[in-house]
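A quick write-up on the structure given underneath.
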DNA sequence: CCGTATCCAAAGCGATACTG
DNA sequence: CAGTATCGCTTTGGATACGG
């Protein structure tokens, strides 16, 4: 024992968190999850509008990675103009649920820091 | 509504997760938290041994960032040879607690993937 | 023992232009 | 509408050597 789960560690898989971090590690990924969990599905342009500042390249690549990781489901309709719908898989919904305590921690923290600023 | 909490978004601070991600975003940070939560404190060299593959530079800089973020507490004893003890702050313990559902999700996932490999 | 200093490689991200 | 292609920058992390 006594080592954590990095590749090369004698007895890895102790805490499981870095597996999760690899999935949500991209700069915008948790925000994509959040945007998807509010609705049954979202279209590409809709996500782009919900994430001001993201580029098409980054949105597309993050969506492809989340799809490869089984977090996001993609349905492409063969129409003109094109229509593509993104949604969370069951595992994606579980991931999003598991993220909620972390979100709550972040919110508490931003409130506390806001109070500091007003006090200081 | 309808936008998330990136800088520049009209009504940020909706989900709070990216604030948390900024704190735990470094490659080894969640592992450092995990290593610290098991004991009241850990010494520098102890952490280095617990995290096989991490370099001294990265460990030191991650610890300094976590300290600046109020997650880790550092106590330096003026002795020869030097002794420094790192521990979680209260906020660090809360963060670690908030990480547990994510860790559970990651463990379930690695189990599921292991079964796939043995089946395929 | 507990770090810092320096340099380098790789990844990630952003800007822009273009396509089916 | 929903992407892909290309390029360059910035950030991050790794290797190694050295210092209090």
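Every number here is computed from the coordinates shown, using simple stated rules; none is lab data. Predicted model, so just to flag it, every value in this text is computed and none were measured. Here Cβ is always computed from backbone atoms with ideal geometry, including for glycine, and neighbour counts include all displayed protein chains.
Table for the structure above
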| quantity | calculated |
| --- | --- |
| Two-decimal Rg to Rh for region A:48-120 - Kirkwood Rh, Cα set | 1.15 |
| Rounded if a/c under 1.5, otherwise prolate or oblate - the protein assembly as shown, Cα gyration tensor axes | oblate |
| Max mean-square fluctuation residue, GNM over chain A, Cα-Cα springs under 10 Å, options A:42, A:109, A:74 | A:109 |
| Gaussian network model of chain A, Cα within-10 Å springs - most flexible of A:84, A:30, A:72 | A:84 |
| Length-normalised contact order of region B:16-119 in % [C-alpha pairs under 8 Å, at least 6 apart] | 26 |
| Potential extension, residue A:115-residue A:89 segment - 0.36 nm per residue separation minus Cα distance | 5.5 nm |
| MRE, 222 nm, helices only [DSSP H, n ≥ 4, -39500 (n - 2.57), over chain B, to nearest 500] | -18000 deg cm²/dmol |
| Pseudo-label separations to other copies for residue B:85 - Cα-to-Cβ vector, 7 Å, nm | 5.9 |
